[in-house]
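Peer 1: Handing you a structure now.
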Amino acid sequence: MSPGFGQSSSAYQEKEAYLQAIRTIDDRVTPFLGKATTRVLIQGAARRVSETYPFLHFLEKMPYTEVVPSVVREQLGGVIPQQLAAGLDALLQECFAGLKELTGDLIVPPLHEEVRRQLEQMP
């Protein structure tokens, strides 16, 4: 998939990398908490950060599993890369904070490490 109009390739790849990180959280957490709880976890995280990062408000109502490249371009296309990275990082941190509340240290440390490695490998 090519970047949208006006987006650099690296900005597009960064968006995709963070969305993949959220998918990884879902893949690892769903067996423990179920799909509905996992989606509520991510929607709650979006709600908590959307005041600071309003471009993430769409994740409050739309399950991230329905986020496809066209939605990414539409919702995040005009956001400057630094703000996008900060907002997506804040979203991930809120996901981990909510997950820690639900499971303690059962899931968070290894999952946090996996997501960190995944994001470091981002081109």
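The values are calculated or read from the model by the stated rules, or taken from the named source; none is laboratory data. Nothing here was measured: the structure is a model prediction, and the numbers come from that model. Neighbour counts are summed over all protein chains in view; Cβ atoms, including those assigned to glycine, are modelled from backbone coordinates with ideal geometry. Heavy atoms of the whole protein, side chains included, go into the accessibility calculation; ligands, DNA and RNA do not. Shrake-Rupley method; radii C 1.70, N 1.55, O 1.52, S 1.80 Å.
Peer 1: For mean projected area of the Cα convex hull in nm², several values are listed as [x] 9.5; [y] 8.4; [z] 7.0; flag the one computed from this structure.
Peer 2: [z]
Peer 1: Any idea what the dipole of the chain comes to, in debye rounded to 20, about its Cα centre with Lys/Arg Cβ at +1 and Asp/Glu Cβ at -1? Kindly include the intermediate steps, with their values, before the conclusion.
Peer 2: Numbers: 12 positive and 15 negative charges, 40 e Å.
For this selection, approximately 200 debye.
Peer 1: Which ³J(HN,Hα) values in Hz, rounded to whole numbers, follow from the phi angles of segment 86-95 under the Karplus curve 6.51 cos²θ - 1.76 cosθ + 1.60, where θ = phi - 60° and Gly and Pro get x?
Peer 2: Values, residue by residue: 5, x, 5, 5, 4, 4, 4, 4, 5, 4 Hz.
Peer 1: Taking 0.36 nm per intervening residue step and subtracting the Cα-Cα distance, what contour gain separates ARG28 from SER70 on full extension?
Peer 2: Stretched out fully, the ARG28 to SER70 stretch lengthens by 12.6 nm.
Peer 1: Rounded to the nearest percent, how much of the accessible area of the chain (1.4 Å probe, protein heavy atoms only) is carbon and sulfur? Let's see the in-between values first.
Peer 2: Values: 3610 of 6580 Å².
Carbon and sulfur: 55 percent of the exposed surface of the chain.
Peer 1: Measuring with a 1.4 Å probe in the full set of protein chains, what accessible area per residue, in whole Å², belongs to segment 4-123?
Peer 2: With the other protein chains kept in place, segment 4-123 gives 52 Å² per residue.
Peer 1: ³J(HN,Hα) across segment 16-22 via Karplus (A = 6.51, B = -1.76, C = 1.60, θ = phi - 60°), whole Hz, x for Gly/Pro?
Peer 2: With the stated coefficients, segment 16-22 comes to 5, 5, 5, 5, 5, 4, 5 Hz.
Peer 1: Tell me the label-point distance for the pair THR103, ARG39, using the 7 Å Cα-to-Cβ offset, in nm and rounded to one decimal.
Peer 2: 1.9 nm
Peer 1: Further question on the same structure: Go through 68-79, 111-122 and give me the packing order, highest mean Cβ count within 10 Å leading.
Peer 2: Final packing ranking: 68-79, 111-122.
Peer 1: Next question, about the same structure. Roughly how far apart, in whole Å, are the Cα centres of segment 39-65 and segment 15-33?
Peer 2: The two parts, judged by their Cα centres, are 14 Å apart.
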